[in-house]
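What follows is a short report on a single structure.
The values are calculated or read from the model by the stated rules, or taken from the named source; none is laboratory data. Owing to the predicted nature of the structure, the values given are computational and were not obtained by experimental measurement. Note: ideal-geometry Cβ built from the backbone for every residue, glycine included; neighbour counts use all protein chains shown.
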Amino acid sequence: MWSVGHARQSELRGASLSSHARLVVQEAIAELSSHWLSQPQVRPDALPPDFSWTEPPRNLRISDLGLREVTLTWQRPTEEGLTYFIERGERAGGVFAPIGEAQAAQGSYVDQDGLDDGAVYYYRVLAVSRQGRTSDYSPVLESMTAPPPIPPSNLQAKAPSARMVRLEWTPSECPGVEKYIVERAFAADDQFAAIGTVNTAGFEEGGTPQSPLRDSTAYKYRVIAVNRVGAASPPSPPVKVITPPPPAPVRGLAAVSDEVRCVPLSWRPSPEEDVTGYLIYRAADEEGPYARIAQIPDRKQTEYLDGGDNPGNLGDQESYYYRIQAINRVESKSDDSPVVRGTTRPPPPLVTGLQAQSGQPGRVTLNWQPTSDEKVVAYEIARACADNSLTILERVDGRSTATFVDRNQQPTPRHRARRSEPLHNGAEYTYRIRAVNIADVASEWSDSVAAVTKPAPDPPAQLRASQGLAGQVRLTWRGNQQPDTDFYVVEAGSHPTRGLVEIARIERTQNNEYAADQGSLSPGLTRYYRIRAVDRDGLQSEWTRTVHGTTKPAPEPPTGLQVSWEGQEAIVTWRPPPQDDIVTYRIQERVRGGGQEWRTEEPELILTDGRVGRRLVIMISAVDKDGLESTPSRPLDIRPPR
């Protein structure tokens, strides 16, 4: 029996406990032995020669290859109250030391006290009754503990993605293995360190931004099997793996120049599926420093607009330098792409060809050459003020627009149309223009141009009004020299400065000499007149000075009426009025409803008594050669003498 145990120990040498652990176990055995020997009733050598013995354990069996444990089993004895004392030794015939006791009725005892892996142990059992009777020692039984587990086999390592390693192996065939310790080292050295413990035949590390692994780096891995009592196998043969490199540099980076305050960028997409996006960097100089301006979170996105919009917020006519990196899901970055340059569009060019048309009534028409800058959306027109400052008159939309008419439009209250007042006649105005692009960036102001509006026509000359014409006033004047004069407006009124109204429009004639009559006027009436010229564009001259004209007054009535009788005839005489153009007198009978009427060219009238009757009252008025009639004279009462 000893020879078998010795052979097993030879096979497993090197697998036993360390000398320190063995010393600890021996001390424990000695303590247990001392305790046991202090009990006189269980010491066989202390029993008297005539002491009766009890039966030893029956059918005693022992386990083999336990994990740092040995189990003794036996058949339950017929005698009640037996206690079994177990002893252990390291040699079959060597010294045995007590290690424990068990009630025989239990049927088993498990030794877990300081056993080594792969070690051979020898056991014997002594039975003791309640009365102190002992049995013979059982036969010595041999047991060997299980050796440490063997390492897992077929260890394989892969690097399926950036900064990630996946291990797989064949589980250890030893029973009781419940976990594996994974160790890692750089391939260039053997400084292995534990990096994780798993319960299955696989391990994975990295694959996140917090991965401890590096890009393009060689590592070695090995695995140790550990059973449930903590016995560890030797490490498995190491395997080598190299992590993938960082993403490849981005290709095809291009920058579009000549956009308004922005630079569009584009590039070819990365073919690597674990690339999650791109980092874009910008500098004001090709040598840097470069600052990150954007992170693109989509591998398939291959465009970026620096400046935020079109138009953007970059400077005008500024150069910018760009480079780009690909970034994967573990935030590993590629090398920089080649640097590209993009330059923003300058402000719009100076507007050329500005012209201002003179000679227009109350307005100035401007024309210019449309700009070739396709980003221009409008033009701003400005007019010079007296202090040489500029007032922007209008924003004219449309790049192809090339004309504007200054009608002196003035702003009005909100929600109302703008009102327009003509420019001053014959006045000079100075203008400038500039182009405005989609970002409201304006060009420099153009050179100034000037125009003079059409002057108003000259007023008529030599206006005269007649005096003493019967029933009318005749006006005469000389027209002005402007060939586009259209007509003359005549105003009249009874006051020299108030209440004058238009009474006529006289069209321009070839000889430019004019006469106009105002008829149907009362005798002795005074009227005031003024005239102005109006041209084809509606421009009006200043008014002429005001002149007045008078109509011919009516004759004065006859005076000194008297009557004398010669027989049956009444001779009526009177004094003629002072006017020398009296051609007739009208004699009317003064009676209600009208009466007799006579006319005579001489200041005398002869009436028969038949005409007079008992009484005749007459009034006489004078009529001049123009038909003007005086007021009636004082009534003359004619009665025949008695």
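Screening the candidates Thr600, Thr631 for the property of being of a type in the set (S, T, N, Q), surrounded by fewer than 18 Cβ atoms within 10 Å (Cβ to Cβ) and closer than 15 Å to Glu556 by Cβ yields one hit, Thr631. Residues in the stretch 565-597 that are within 19 Å of Ser630 (Cα to Cα), surrounded by 16 or more Cβ atoms within 10 Å (Cβ to Cβ) and aliphatic (A, V, I, L, M): Val572, Ile582, Ile587.
Kindly indicate which of Leu67, Leu115, Leu60, Leu72 is farther than 26 Å from Pro149 by Cβ and either among the aliphatic types (A, V, I, L, M) or at pLDDT 95 or above (or both). Result: Leu60 is the single residue among Leu67, Leu115, Leu60, Leu72 that is farther than 26 Å from Pro149 by Cβ and either among the aliphatic types (A, V, I, L, M) or at pLDDT 95 or above (or both). Just so you know, in the stretch 95-121 the residues that are surrounded by fewer than 16 Cβ atoms within 10 Å (Cβ to Cβ) and of a type in the set (Gly, Ala, Ser) include one that is farthest from Thr54 (Cα to Cα), and it is Ser108. Any residue at all in the stretch 530-538 that's within 30 Å of Gly613 (Cα to Cα) and either within 60 Å of the chain's Cα centre (by Cα) or among the β-branched types (Val, Ile, Thr) (or both)? Scanning the stretch 530-538 turns up no residue that is within 30 Å of Gly613 (Cα to Cα) and either within 60 Å of the chain's Cα centre (by Cα) or among the β-branched types (Val, Ile, Thr) (or both).
Answer with yes or no whether Arg329 is basic (Lys, Arg) and closer than 30 Å to Trp169 by Cβ.
Here the answer is yes, as Arg329 does meet what is asked.
Conditions (1) buried (at least 19 other Cβ atoms within 10 Å of the Cβ); (2) modelled with pLDDT under 95; (3) in the same structural domain as Gln518 (by TED's automatic domain parsing), marked per residue:
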| position | (1), (2), (3) |
| --- | --- |
| Thr412 | no, yes, no |
| Arg416 | no, yes, no |
| Trp445 | no, no, no |
| Gly468 | no, yes, yes |
| Gly471 | no, yes, yes |
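Candidates are the residues of the stretch 458-482 that are of a type in the set (S, T, N, Q), touching a Gly at 6+ places or on another chain (Cβ under 9 Å) and not in a strand (DSSP E or B); the one that is farthest from Asn425 (Cα to Cα) is Gln472. When Asn437, Asn480 are checked against the criterion of being at pLDDT 95 or above and either surrounded by 19 or more Cβ atoms within 10 Å (Cβ to Cβ) or under 36 Å from the mean Cα position of the chain (by Cα) (or both), Asn437 stands alone in meeting it.
If you scan the stretch 127-168, which residues turn out to be under 15 Å from Thr54 (Cβ atoms), touching an Asp or Glu at 6+ places or on another chain (Cβ under 7 Å) and in a strand (DSSP E or B)?
Within the stretch 127-168, Ala127 is the sole residue that qualifies.
Restricting Val229, Val223 to those that are over 41 Å from the mean Cα position of the chain (by Cα), assigned to a loop (DSSP other than H, G, I, E, B), within 30 Å of Gly114 (Cβ to Cβ) and outside the structural domain of Asp440 (by TED's automatic domain parsing) reduces the list to Val229. Note on the stretch 227-256: residues that are surrounded by 21 or more Cβ atoms within 10 Å (Cβ to Cβ) and under 20 Å from Pro297 (Cβ atoms) total 4. Farther than 30 Å from Gln357 by Cα, surrounded by 14 or more Cβ atoms within 10 Å (Cβ to Cβ), among the polar types (S, T, N, Q) and not assigned by TED's automatic domain parsing to the domain that holds Thr401 - does that describe any residue in the stretch 532-546? Yes: the stretch 532-546 contains one or more residues that are farther than 30 Å from Gln357 by Cα, surrounded by 14 or more Cβ atoms within 10 Å (Cβ to Cβ), among the polar types (S, T, N, Q) and not assigned by TED's automatic domain parsing to the domain that holds Thr401. Number of residues in the stretch 176-199 that are assigned to a loop (DSSP other than H, G, I, E, B) and over 54 Å from the mean Cα position of the chain (by Cα) equals 7. Can you confirm whether the stretch 161-177 contains a residue that is under 29 Å from Val330 (Cα atoms), without any contact (Cβ under 8 Å) to a residue 40 or more places away in the chain and out of contact with any Pro (no Cβ under 8 Å at 6 or more places or on another chain)? Yes: the stretch 161-177 contains one or more residues that are under 29 Å from Val330 (Cα atoms), without any contact (Cβ under 8 Å) to a residue 40 or more places away in the chain and out of contact with any Pro (no Cβ under 8 Å at 6 or more places or on another chain). Taking (1) in contact with a Leu (Cβ under 8 Å, 6 or more places away or on another chain); (2) at pLDDT 95 or above; (3) assigned to a strand (DSSP E or B) in turn, Val583 satisfies each apart from (1).
Counting residues in the stretch 622-636 that are outside any helix (DSSP H, G or I), within 12 Å of Val563 (Cα to Cα) and of a type in the set (Lys, Arg) gives zero. Could you tell me whether Glu259 is buried (at least 19 other Cβ atoms within 10 Å of the Cβ), closer than 30 Å to Glu444 by Cβ and outside the structural domain of Val165 (by TED's automatic domain parsing)? Taking the combined requirement at face value, the residue satisfies it.
If you go through the stretch 49-94 and keep only what is in contact with a helix residue (DSSP H, G or I) (Cβ under 8 Å, 6 or more places away or on another chain), more than 18 Å from Ser143 (Cβ to Cβ) and hydroxyl-bearing (Ser, Thr, Tyr), you end up with just Thr83. Being modelled with pLDDT under 95 and either over 20 Å from Arg323 (Cα atoms) or within 53 Å of the chain's Cα centre (by Cα) (or both): is that true of Val250 here? The answer is no for Val250. Scanning the stretch 361-371 for residues that are at pLDDT 95 or above and not aromatic (Phe, Trp, Tyr) yields Val364, Thr365, Leu366, Asn367, Gln369, Pro370, Thr371.
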